[in-house]
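Structure first, commentary second.
The values are calculated or read from the model by the stated rules, or taken from the named source; none is laboratory data. Computed from a predicted structure; not experimentally measured. Positions of Cβ are generated from backbone atoms using ideal geometry, with glycine treated the same way; all protein chains shown enter the neighbour counts. All accessible areas refer to the heavy atoms of the entire protein, side chains included, with ligands and DNA or RNA removed. Shrake-Rupley method; radii C 1.70, N 1.55, O 1.52, S 1.80 Å.
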Amino acid sequence: AGAVSATGLLCTLLCTSSRQLAGMASTGAVSKVFALKHSRYGTPYVSIVLVGTLAFAFTAFDFSVLAEADMFFYTASTILKFGALVRLRTKMKDAPRPFSIPGGVYGVAAMSFAPVCLCMVTIATCSGLCFKMGGAGFLV
């Protein structure tokens with residue numbers, strides 16, 4: 001049952017990742033070539049081939065390296081989200097919000113401080129190979 005579940009999760013990941021890449025291409029965030037659709041099936045075939053190739057390449061790595069790289073990217077994206085939160089609170093002070101963090105910009109910055117510090121500690125404990133993978137990921 002575990003193998004069937006893992007296979008299903010892998011298929012879902014491959015399908016959704018290629019659609020995300022195609023969506024980014026349709027908005028101009030990445031090259032338009034990734035939005036090309038197969039004439040018969042309507043699938044983003046260039047994105048599917050790229051995501052499948054990357055997934056295959058990652059099979060060469062040890063699981064611990066992949067888990068560490070996953071945490072690296074997760075924590076880096078979390079830092080960016082907190083940065084965006086502070087930036088938006090600074091730039092759009094009067095924007096309507098369904099809820100608000102009290103204290104204005106200083107309250108948001110204070111609330112963001114501890115999680116960002118923990119994310120930085122997590123990144124600092126990464127191995128050299130993880131930093132190489134992270135650097136390559138940020139370049140892409």
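When only Cα pairs under 8 Å and 6 or more residues apart are kept, what is the percent relative contact order across the chain?
On the way: 88 pairs, mean separation 27.1, N = 140.
Answer for the chain is 19 percent.
How big is the shadow of the Cα convex hull of region 1-60, averaged over all directions, in nm²?
Working: hull surface 19.0 nm².
Mean shadow area of the hull around the Cα atoms is 4.7 nm².
Compute the long axis of helix 2-27 from its Cα atoms, compare it with the longest principal axis of the Cα atoms of the chain, and write down the angle in degrees, 0 to 90, nearest 10.
Once rounded, one gets 70 degrees.
Need the list of lysines near Lys81 for cross-linking: C-alpha distance under 22 angstrom, and skip anything on the same chain fewer than eight residues off.
Lys91, Lys93
Measure off, as a whole percent, the carbon and sulfur share of the 1.4 Å-probe accessible area of the chain, all protein chains present.
On the way: 7180 of 9890 Å².
Result for the chain: 73 percent of the exposed heavy-atom area is carbon or sulfur.
Sum -39500 (n - 2.57) across every DSSP H segment of at least 4 residues in the chain, then divide by the residue count to get the 222 nm mean residue ellipticity, nearest 500.
Numbers: 5 runs with 102 residues, N = 140.
Estimated from H runs of four or more residues: -25000 deg cm²/dmol.
Give the value in nm², to one decimal: projected area of the alpha carbon convex hull of region 62-139, averaged over all directions. Don't skip to the end; give the middle numbers.
Values: hull surface 25.1 nm².
So the Cα hull casts an average projection of 6.3 nm².
Please check the chain for the longest run free of trypsin sites (Lys or Arg not before Pro) that are loop-located per DSSP (anything but H, G, I, E, B) and have at most 15 other Cβ atoms within 10 Å.
Between the exposed loop sites, the longest stretch runs 41-92.
Work the Kirkwood hydrodynamic radius out for the chain: mean of 1/r over every pair of different alpha-carbon atoms, inverted, in Å.
Working: mean 1/r = 0.0553 Å⁻¹.
Hydrodynamic radius (Kirkwood, Cα only) of the chain equals 18.1 Å.
Taking 8 Å as the Cα distance limit and 6 or more residues as the minimum spacing, I'd like the relative contact order of region 65-140 as a percentage.
In percent, rounded to a whole number, it is 53.
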